[in-house]
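Taken together, the values in this text are just the output of simple stated rules run on the coordinates, not laboratory data. Everything quoted here is computed from the prediction, not taken from an experiment. Cβ: placed from backbone, ideal geometry, glycine included. Neighbour counts: every protein chain shown.
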There are 2 protein chains.
Amino acid sequence: MDSIKIFSPATVANVSCGFDVLGFCLDSIGDEMIIHKTLEKGIRITKIKGAELPFETEKNVAGVSALAMYNAINPDCGFDIEIYKKIKPGSGIGSSAASAAGSVFGMNVLLGNPLDKTELTKYALKGEALASECEHADNLAPAIFGGFTLVRSVDPVDILQLPTPDDLYVTLIHPQIEIKTAEARAILPKQIALQNAITQWSNVGSLVHALHTNDYDLLSKSLSDVIIEPHRKQLIPYFDTIKSSAIDSGALGCGISGSGPSIFALTKGEKIAKHVEKAFNSVYSKTNIKYYTFVSKINTQGIKIL
Amino acid sequence: MDSIKIFSPATVANVSCGFDVLGFCLDSIGDEMIIHKTLEKGIRITKIKGAELPFETEKNVAGVSALAMYNAINPDCGFDIEIYKKIKPGSGIGSSAASAAGSVFGMNVLLGNPLDKTELTKYALKGEALASECEHADNLAPAIFGGFTLVRSVDPVDILQLPTPDDLYVTLIHPQIEIKTAEARAILPKQIALQNAITQWSNVGSLVHALHTNDYDLLSKSLSDVIIEPHRKQLIPYFDTIKSSAIDSGALGCGISGSGPSIFALTKGEKIAKHVEKAFNSVYSKTNIKYYTFVSKINTQGIKIL
């Protein structure tokens, strides 16, 4: 096999209570990438559609992660990478992670899968660092491993795959406003109340238990964020209204996806997810803000070969 | 049945990463209590052995929890309570919780089990509050439910029962020094670094996952406390030496039991637990501090009828 076409999914990081550690993988939105094995050595970005991104390998997220892997294993070939961007950069659903993970995943398949998912994450982190100025894996891990993940550490890479309840769906709204990651970081306090931290780790423990026991009620109670959301929600217009509309429509919980501006809701079943989508639309259609919404099942596989 | 004899176990709260929420139940140490159903109404403490504790029902932890339950359900009888204290008050292994939980558990059995474990916890909290000036359930929950527990909330009572790996043992050392709970609380910072909180909730999530997957390596990595231990260990002589000796002897982890001064280590199997006990002895036998050590399996049942 000399070429491969892949689907590199969007992801939701933090999942309310699990800032910087939890994430899950989406199924209905993701980038497509085609990777060709070439006789000529080196990594080249040969096509980019759907977003204005640099073609220079060293300045492109997918290129940087590909180069990190390429230089480490030094294969007897090269790779051309085509990127069909479907995830808007800056949406808060892991656009850069999809690019960074997709290139190394595709190259690995074309080389006969010499690397495991942990090693792929290690190289993908280099691309993610280009986009966000730090190595964080809370979007990469769900993209590469699928389902729900918990990032224990990035150095060394230590990812836990958590179970996914059967009937879990996501509704997402992306208000098309720009939030700079730096701004979303700067708004967070460096110090937090011990009492709030206790609430948060109680919820993280509960959420992991809920995933293991298929307990939707407990999952719902655990989807709470007393530390990050109160600060970041100020950057997202109508956040409280959107959140209330999700809960009123039967969502298990609703929160900021990554550093925003996208907002996710988790639901039991597709029917409620579509109710929530309707509710999101009825809030945002009254505003002048461009937005889109979608419904997705949790993607338990991660990146897929098309 | 008009009388019942029970074993009300010692417990370890916090479990390194899970301050104020996690706990587990011990098997080889606990109070014994005998509870008699009487024609005469009311609650009486009729015997106390092994500790200097008040006989007045309203001033006795076991009496206060018993009264709370008694007044709520108003049964057509009374109860006499005999307490054989084996858990030293102030040891940090849930002495007051054992008393508070034991009386309500025993009364409930004698009444034909009208209350579930959540309701028993609600009344036991009233006794625990007498001892510690606040309603906390991190020792009560493992005593009543057994195994590992996560306290989501005390009002309303919301306890999760976590699975216990088959071969998990505990080694414990109780240095017989006094640490006032108030002092152990006062030494804690009200504000903590967000970065440390993230580490802690990553570990809580990992620990819950490790319990569900029988993953001893992950359990070991998760048994870390970057928030409470650095402060409280100052109150416990030779804490660092004890902890190093446990890890060097093969323990999965080692930390402060509750607010101390007892120190626990978790091990895979009894053999390593006994190695750790020997190591604890070799550290403390060189000091002038009175202490005792013991090894216990995790008690997955909680309070037992003898």
Query raised in the report: What do the square roots of 5 times the Cα gyration tensor eigenvalues come to for the range B:166-224, in whole Å, largest first, as semi-axes of the equivalent ellipsoid?
Result: 26, 21, 7
Query raised in the report: What angle, in degrees between 0 and 90 and rounded to the nearest 10, separates the Cα long axis of helix B:61-73 from the longest principal axis of the Cα atoms of chain B?
Result: 50 degrees
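Taking loop as defined by DSSP and a crowding limit of 16 other beta carbons within 10 Å, which trypsin sites (Lys or Arg not before Pro) in the range B:102-204 fit?
Sparse-neighbourhood loop trypsin sites (Lys or Arg not before Pro): B:Lys180, B:Lys190.
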Query raised in the report: What is the pair-distance distribution P(r) of the range B:222-306, computed from all Cα-Cα distances in 5 Å bins starting at 0, with each bin given as a whole percent?
Result: 3, 14, 24, 24, 18, 11, 4, 2, 0
Query raised in the report: Summing -39500 (n - 2.57) over the DSSP H runs of n ≥ 4 in chain A and dividing by its residue number, what mean residue ellipticity at 222 nm do you reach, to the nearest 500 deg cm²/dmol?
Result: -11500 deg cm²/dmol
Query raised in the report: To the nearest 10 degrees, how steep is helix B:194-213 against the longest Cα principal axis of chain B, on a 0 to 90 scale?
Result: 70 degrees
Requested in this report: Assign one of three labels to the range B:171-286, namely rounded, prolate or oblate, based on the Cα gyration tensor with a ≥ b ≥ c the square roots of its eigenvalues; rounded applies when a/c is under 1.5, prolate when it is not and a/b is larger than b/c, and oblate otherwise.
Outcome: oblate
Report summary line: Here the protein assembly as shown gives, from Cα atoms, an Rg and Dmax in Å of 27.4, 95
Query raised in the report: What list do you get for B:Lys5, B:Lys297 if you sort them by fewest beta carbons within 10 Å?
Result: B:Lys5, B:Lys297
Report summary line: The FRET efficiency for A:Lys180 and B:Ser244, from their Cβ-Cβ distance with R0 = 41 Å and rounded to 0.05, is 0.35
**Report entry** Radius 12 Å from Cβ of B:Ala68, net charge of other residues (Lys, Arg +1; Asp, Glu -1)
**Finding:** -2
Query raised in the report: By how many degrees, between 0 and 90 and to the nearest 10, does the Cα long axis of helix B:95-110 differ from the longest principal axis of chain B?
Result: 40 degrees
Report summary line: at A:Ile187 the sorted inter-copy label distances (label 7 Å from Cα on Cβ side), in nanometres, are 3.9
Query raised in the report: Roughly what would the spin-label model give for B:Val109 and B:Asp217, points 7 Å off Cα along C-beta, in nm?
Result: 4.2 nm
Query raised in the report: Hey, rough spin-label estimate for A:Cys77 and B:Ala51, points 7 angstrom out along Cα→Cβ, what's it come to in nanometres?
Result: 7.1 nm
Query - Computed E for B:Ile187/A:Thr38 - FRET, C-beta separation, R0 51 angstrom, nearest 0.05 - result: 0.20
Report task. Kindly state, to the nearest 0.05, the FRET efficiency for B:Gln234 paired with B:Asn281, given R0 = 22 Å and r defined as their beta-carbon distance. Result -> 0.45
Query raised in the report: Among the lysines, which fall within straight-line cross-link reach of A:Lys304, defined as a Cα-Cα distance under 16 Å, with same-chain neighbours fewer than 8 residues apart omitted?
Result: A:Lys5, A:Lys85, A:Lys86, A:Lys117
Report summary line: Cβ-Cβ cut-off under 10 Å around A:Gly50, Lys and Arg +1, Asp and Glu -1: the net charge is +1
Query raised in the report: Dividing the convex hull volume of the alpha carbon atoms of the range A:3-162 by its residue count, what do you get in Å³ per residue?
Result: 98 Å³
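Roughly what % of Cα-Cα distances in chain B sit above 33 Å, to the whole percent?
The share of Cα pairs beyond 33 Å in chain B comes to 21 percent.
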